[in-house]
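The values are calculated or read from the model by the stated rules, or taken from the named source; none is laboratory data. Keep in mind that this is a model prediction, so the values were computed, not measured. Reconstructed Cβ throughout: ideal geometry from the backbone, glycine too, with neighbour counts over all protein chains shown. All accessible areas refer to the heavy atoms of the entire protein, side chains included, with ligands and DNA or RNA removed. Shrake-Rupley method; radii C 1.70, N 1.55, O 1.52, S 1.80 Å.
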Amino acid sequence: MNLGLSIASHSGLPPARIGELAGAAEQAGFSAVFVAEGHGDALALCHPVAAATTRVPVGTAVANAALRPPVLAAKTAAQLDQAAGGRFILGLGVGNAVMNARFGLPPFEPLRMVEEYVEVVRSVLNRGTGYDGQLFRTGVIPLDSPPARAGLPVWLGALGPRMLAVAGRIADGVILNLMTPAQAGQAAGLVRDAARAAGRDPASVEVACVVHCCLSGDPGAAAAAARAVVPRYVLHPAAPRLFGPGLGGVRELVLASDRAGAAGLVPQQVADGFVAWGDAAQVAARLAEYRVAGVDLPVIFPMPVGSEWGYEQTIAAFADS
């Protein structure tokens, strides 16, 4: 199966349950399991995922790099890769200005930050002599035991053309999100063009795309759940470009903490752009569109329909598909 599963830290599930779902996904034939970072610690939650699985890659899609010094991220990734027997993928993003300000983080230039961050992580994993950049400077970083892989893969979450180009130049993979199949195809092309321009094999950069999913046999409930996804992301700086204009009222209600009211103002076509919803056949058809567009690994990201996140239902629906 060429399909990943992402489990949200903001689902509120206890770590042991997240591990159980990961193990069930592996048994069902999913090809990778990721943890998405909301207001939990995605790296910490990867430990039960690694313990509950034996074959599939496990990783973060994505962890907020701004919350962790790069040396700490590298040391944690090395331990997770050891725990997983060489199956860990470090997926990194930079968050967004609204979220990072809430976390008390100062503004930063994301492109320079993420490029140096990746270089520090690789220096630590390769047991280098240190790193001397504009933003990060380190000495030699000893590790308690050798990393399982010096070449542990680092994937970057990217939405805009400049970050997509950075991912193509330096990352082992890119994690797309909030995109229609057509937008994902265009993004994949930018990543591969950047890899080619940097003298890399474009096929060496894996293109994954998170696809939000509201699985239900009730079309009305599924469509409403899809609309409710949009307010979660409307404050992101990339939202106007990805979702189009006309969401000012949605944004205002989100800022006023009226998420339900905001969902009521979301046009269905905006939700339809990046959320796969409906029954299993409808969702599978939408996932196929991402593959045709050029995505190597669609990563299904179940979202609540009513009060149910539907992980078990989603895993069962796409078992060995």
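Scan segment 184-195 and tell me whether some residue there is out of contact with any Gly (no Cβ under 7 Å at 6 or more places or on another chain), under 26 Å from TRP277 (Cβ atoms) and surrounded by fewer than 23 Cβ atoms within 10 Å (Cβ to Cβ).
yes
If you scan segment 14-23, which residues turn out to be open to solvent by 40 Å² or more (accessible area, probe 1.4 Å) and either in contact (Cβ under 8 Å) with a residue 60 or more places away in the chain or part of a helix (DSSP H, G or I) (or both)?
The answer is PRO15, ALA16, ARG17, GLU20.
Give the residues of segment 100-138 that are open to solvent by 50 Å² or more (accessible area, probe 1.4 Å) and touching a residue at least 12 places away in the same chain (Cβ under 8 Å), sorted by residue number.
Answer for segment 100-138, where residues must be open to solvent by 50 Å² or more (accessible area, probe 1.4 Å) and touching a residue at least 12 places away in the same chain (Cβ under 8 Å): PHE103, PHE108, ARG112, GLU119, ARG122, ASN126, ARG127, GLN134, LEU135.
Which ones in segment 149-169 are in a loop (DSSP other than H, G, I, E, B) and surrounded by fewer than 19 Cβ atoms within 10 Å (Cβ to Cβ)?
ARG149, ALA150, GLY151, PRO153, GLY160
ARG68: at pLDDT 95 or above, closer than 26 Å to GLY40 by Cα and open to solvent by 20 Å² or more (accessible area, probe 1.4 Å), yes or no?
Answer is yes for this residue.
Testing VAL35 on (1) β-branched (Val, Ile, Thr); (2) surrounded by fewer than 16 Cβ atoms within 10 Å (Cβ to Cβ); (3) not in a helix (DSSP H, G or I), one condition comes back false. Which one is that?
(2)
List every residue pair whose Cβ atoms sit under 9 Å apart, with the two residues 6 or more apart in sequence or on different chains, where the first one lies in segment 239-257 and is under 20 Å from GLY160 (Cβ atoms) and touching a residue at least 40 places away in the same chain (Cβ under 8 Å) and the second, anywhere, is of a type in the set (S, T, N, Q) and assigned to a helix (DSSP H, G or I).
Note: pairs meeting the criteria are LEU242/GLN183.
In a strand (DSSP E or B), in contact (Cβ under 8 Å) with a residue 24 or more places away in the chain and not aromatic (Phe, Trp, Tyr): does that describe VAL191?
Against the criterion (in a strand (DSSP E or B), in contact (Cβ under 8 Å) with a residue 24 or more places away in the chain and not aromatic (Phe, Trp, Tyr)), VAL191 does not qualify.
Does GLN79 fit the bill of being within 28 Å of GLY139 (Cβ to Cβ), more than 19 Å from the chain's Cα centre (by Cα) and open to solvent by 40 Å² or more (accessible area, probe 1.4 Å)?
yes
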